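Inspection log for the structure reproduced underneath, given as structure tokens.
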Amino acid sequence: MKFTKNAMVTLCATTSILANGFNTFAFAANETELNIVAWPGYVERGESDKGYDWVTGFEKETGCKVNVKTAATSDEMVTLMNQGGFDLVTASGDASLRLIAGKKVQAIDVSKIPNWANVDKRLQDAPWHTVDGVHYGTPYQWGPNVLAYNTKVFKEAPKSWSVVFEEQNLPDGKSNKGRVQAYYGAIAIADAALYLMHKKPELGIKNPYELNKDQYAAALALATGQRALVGRYWGDAAVQVEDFKTEGVVASSSWPYQVNLLQADKAVMEKTPIASTIPEEGATGWADTTMMHAEAAHPNCAYAWLNHSLDAKVQGDVAAWFGSVPAVNAACKGNALLTDTGCDTNGMANFDKIWFWRTPTGKCEAEGTCVSYSQWAKDYLAVQGK
Amino acid sequence: MRGLSDLFYKRPGALTAMLLGPPLAWIGIVYIGSLLALLLQSFYHLDDFSGIIIHEFTLSTYGQLFESSNLQTIGRTVAMAAIVTITSAIIAFPIAYYAARFARGKTKALFYLAVMMPLWSSYLVKVYAWKLILAKEGIITWAAGGLGLGGVLDALLTLPVIGGSSLSFSYIGTFLVFLYIWLPYMILPLQAALERVPKNYIEASADLGATPRQTFRTVILPLALPGVIAGSIFTFSLTLGDYIIPQIVGNSRPFIGQAVYTLQGTAGDIPLAAAFTVVPMLIMGVYLALAKRAGAFDAL
């Protein structure tokens, strides 16, 4: 779903890191390879920037040569996993349940992963990778879908998502029509549902990813109305950065990644200063999980990587490179690349306000029967066509 | 070795079979095979509740194509492809005509370079560059403002349907980028066709008293038509299938390619994606049949 979160994060590398402090990991060393499907920037071997390397040390330690296939969207990841030939995938919540339901990934034995104990307790049993108490992967990184806004237009941070959902005059006196954006993926219907959870409590929405027919109809109607306000839906992070700079977009759902990128540019901050907030309704967010293919050819190397990926140093480095929040709390302190304020900058404190992306399915806890994602996808295409 | 050459001498068919076998197998299995698999998928349907594909023959997936939003997607894509094709033919003709009839030596080399050069750089880089050019605060808006034409641009953007909040957020922008990206595919076949128009026909036409306009209409255009059609096959089918340009430049109203891309991924609706894919194939089939009747392939 994330379109091109590519590895352009311009944090400077201060120290070089190499394999020190890796947990020794005992396994049958008859495997020499490991194939990973990952978001761009998720598995770095120092080729983009020497300071960001969490592969070379792993390869030396375990003898598993890491091959990375980057995928730009969740769709692409699901397609690649369906084709097979890969051991691991860093799946977002809108793909993970699909992979589990499609039996493309296998259950993980967490007792084989010493670093599992380090994982943020709130993520250990998260419903986007744990089904009926069985874990289908290990948390990797997460981040919120923040409300990014132009501070010249909004002197104070907008308190509600209504600025992107309902036609209104913004604090600068002009209408929001054509000046706001929404995410292009159907998962954005959950943003509408989240807003309705507070705006219309009588609908009884308990979870924005579990909607019965009536709740879904209300969310879809809100999203349909939003079409008139949105000039273009954003899918590509780099394109959205440009939209904020040159298209007069003043408010939109966004990722800390884009906000960091905009704020790092002084010229941009003078002309179109951007800040981000999490409004009173809360926000949706993404949380990525490293999952193992059901027919992984190199399970031992895969387990070694799962353990390695939860190492505090690795977690901190990934978060610094990617603009995300680590799944291991210990990573937030003492990481030279991330710095001690990095976790807060990327949204750590907002965990409790976030509804993480997950694939809406027909069967659901909150309502019994819900509208499934294939329907969301078809309807959201129709909304964008209006 | 000896035995082998004897075999080829006695049975010439064996050599032919050996040479043609691998490519035919490739076309048969990989190409036709995957197309058939695609067709087969489109006759299944997705159970909306469980999100599982039901492997039973049904036409209901094709039925979904006739829902109004899907029909609009198809109509929008075909209309864009048609307009892009017609406009690129109009723009390409004078360029190709000059190159075929007047350019010689270095000028001709320069022409080839100019037409081909955009094809050497990355497609994505070009599209992103166009996004910046067309942006609300991009060079076009800036130049229009400087020339006192800002009002004209604004008027253009307030037009219903094709307008938008800026050029890069409107159909006009999508159209301009499509036109730029696919234009070389129209110029090159057109130029090849124009070069084959015998010069003495044109002279004869003039000798017999035809005005330049008549010569163009009754001699040059009919003879160059196969080139126009060959070029239009490229521009039309490429526009029909593209899903990246409308994603980056435009107003987010989906084209067929984007619908296919969305439906086959996390949505997992492969049957409907397959049915959508069959649409451009049908359109191109009809188009090629018409082109054949017009003689576009006679020169092959």
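The values are calculated or read from the model by the stated rules, or taken from the named source; none is laboratory data. These figures come from a predicted structure and were not determined experimentally. Please note: Cβ atoms are built from the backbone with ideal geometry, for glycine as well, and neighbour counts cover all protein chains shown. For the accessible areas, the whole protein counts, side chains as well, though only heavy atoms, and no ligand, DNA or RNA atoms are used. Shrake-Rupley method; radii C 1.70, N 1.55, O 1.52, S 1.80 Å.
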Fill in: Charged-residue dipole, Cβ positions (Lys, Arg, Asp, Glu), the protein assembly as shown about Cα centre, Debye nearest 20
2300 debye
Worksheet item: Residue-wise, which Karplus ³J(HN,Hα) couplings in Hz belong to region A:283-288, taking 6.51 cos²θ - 1.76 cosθ + 1.60, θ = phi - 60°, and x for glycine or proline?
Response: 7, 7, x, 10, 9, 9
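Using a 1.4 Å probe over the heavy atoms of the protein chains, calculate the carbon and sulfur portion of the accessible area of region B:93-150 as a whole percent.
So the carbon and sulfur contribution to the accessible surface is 77 percent.
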Worksheet item: Using alpha carbon centroids, what distance separates region A:54-111 and region B:63-139, in Å?
Response: 38 Å
Item to complete: Note down the magnitude of the dipole of chain A about its Cα centre, charges +1 on Lys and Arg C-beta and -1 on Asp and Glu C-beta and zero elsewhere, to the nearest 20 debye.
Response: 680 debye
Worksheet entry | Amide H partners (placed H, <5 Å) of residue B:45, local residues excluded | B:54, B:56
Worksheet entry | region A:348-374 residues near the modelled residue A:159 label - backbone nitrogen below 16 Å, point 7 Å along Cα→Cβ | none
Practice prompt. Principal axes first, then extents: for the Cα atoms of chain B, list largest minus smallest coordinate on each axis, whole Å, largest first.
Written response: 67, 63, 37
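With the contact rule set at Cα under 8 Å and sequence spacing of 6 or more, what percent relative contact order holds for chain B?
Relative contact order comes out at 25 percent.
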Practice prompt. Take the alpha carbon atoms of region A:222-247, find their center, do the same for region B:161-183, and report the distance between the two centers in whole angstrom.
Written response: 16 Å
Practice prompt. At 7 Å along the Cα-to-beta-carbon direction for both residue B:286 and residue B:204, put a label point, then send me their distance in nm to one decimal.
Written response: 3.8 nm
Discussion item. Between A:374, A:92, A:252, where does the largest GNM mean-square fluctuation fall for chain A, given springs only between Cα atoms within less than 10 Å?
Written reply: A:374
Discussion item. Just want the answer: with Cβ charges of +1 for Lys and Arg and -1 for Asp and Glu, which residue in A:229, B:134, A:184 is farthest toward the dipole's positive end in the protein assembly as shown?
Written reply: B:134
Response to the item:
Rounded to the nearest 100 Å², the accessible area hidden between B and A, summed over both chains at a 1.4 Å probe radius, is 3200 Å²
Fill in: Computed over region A:212-331: relative contact order in percent, which uses C-alpha pairs under 8 Å that are six or more apart
16 percent
Item to complete: Please average, across the residues of A:370-376, the number of beta carbons from any other chain that are within 10 Å of each residue's own beta carbon, and give a whole number.
Response: 6
Discussion item. Just to verify a number: what accessible area does residue B:281 come out at with the full protein assembly present, 1.4 Å probe, Å² rounded to tens?
Written reply: 80 Å²
Worksheet, complete the sentence: With all protein chains present, region A:215-262 has a carbon and sulfur share of its accessible area (1.4 Å probe) in percent of 71 percent
Worksheet entry | Inter-site label distance for residue A:349 and residue A:363 at 7 Å from Cα along Cβ, in nm | 4.2 nm
Item to complete: Using a 10 angstrom cutoff on alpha carbons, build the Gaussian network for chain A and name the most mobile of A:302, A:101, A:331.
Response: A:101
Worksheet entry | Under 14 Å, Cβ to Cβ, from residue B:114 - net charge with Lys/Arg +1 and Asp/Glu -1 | +2
Fill in: Rounded to the nearest 10 Å², the accessible area of residue B:104 at probe 1.4 Å
140 Å²
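Roughly speaking, what is the stretch gain from residue B:71 to residue B:107, that is 0.36 nm per residue apart minus the C-alpha to C-alpha distance, in nm to one decimal?
8.3 nm
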Practice prompt. Distance from a point 7 Å along Cα→Cβ of residue A:103 to each backbone N in region A:288-315: keep the residues under 13 Å and list them by number.
Written response: A:294-295
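How high is the relative contact order of region A:156-254? Use alpha-carbon pairs under 8 Å, at least six apart in sequence, and give a whole percent. Don't skip to the end; give the middle numbers.
Values: 115 pairs, mean separation 39.5, N = 99.
Once divided by the residue count of region A:156-254, the mean separation gives 40 percent.
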Worksheet item: Once both labels are modelled 7 Å past Cα along the beta-carbon direction, what's the residue A:167-residue A:47 spacing in nm?
Response: 5.0 nm
Fill in: Antiparallel content of DSSP bridges confined to the protein assembly as shown, in %, to 5
70 percent
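Assuming a ≥ b ≥ c are the square roots of the Cα gyration tensor eigenvalues, decide whether region B:32-191 counts as rounded (a/c under 1.5), prolate (otherwise, with a/b larger than b/c) or oblate.
oblate
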Discussion item. Could you identify which residue out of B:263, B:147, B:183 has the top mean-square fluctuation in a GNM of chain B using Cα springs shorter than 10 Å?
Written reply: B:147
Worksheet, complete the sentence: Taking placed amide H atoms and a strict 5 Å upper bound, the residues 5 or more places from residue A:105 or on another chain that come that close are A:294
Discussion item. So, taking all protein chains as they sit and a 1.4 Å probe, how much accessible area belongs to residue A:298, in Å² rounded to tens?
Written reply: 30 Å²
Fill in: Accessible area (Å², per residue) of region A:117-173, counting only protein heavy atoms and a probe of 1.4 Å
42 Å²
Worksheet entry | Integer Hz, Karplus 6.51/-1.76/1.60 couplings in order for region A:216-226, x for Gly and Pro | 5, 4, 5, 5, 5, 5, 5, 5, 5, x, 5
Item to complete: Report Rg/Rh for the protein assembly as shown, rounded to two decimals, where Rg is the Cα radius of gyration and Rh the Kirkwood radius.
Response: 1.02
Fill in: lysines with Cα under 19 Å of residue A:152, excluding same-chain neighbours fewer than 8 positions away
A:174, A:177, A:245, A:266, A:271, B:136
Worksheet item: Among B:43, B:234, what's the order by accessible area (1.4 angstrom probe), most exposed first?
Response: B:234, B:43
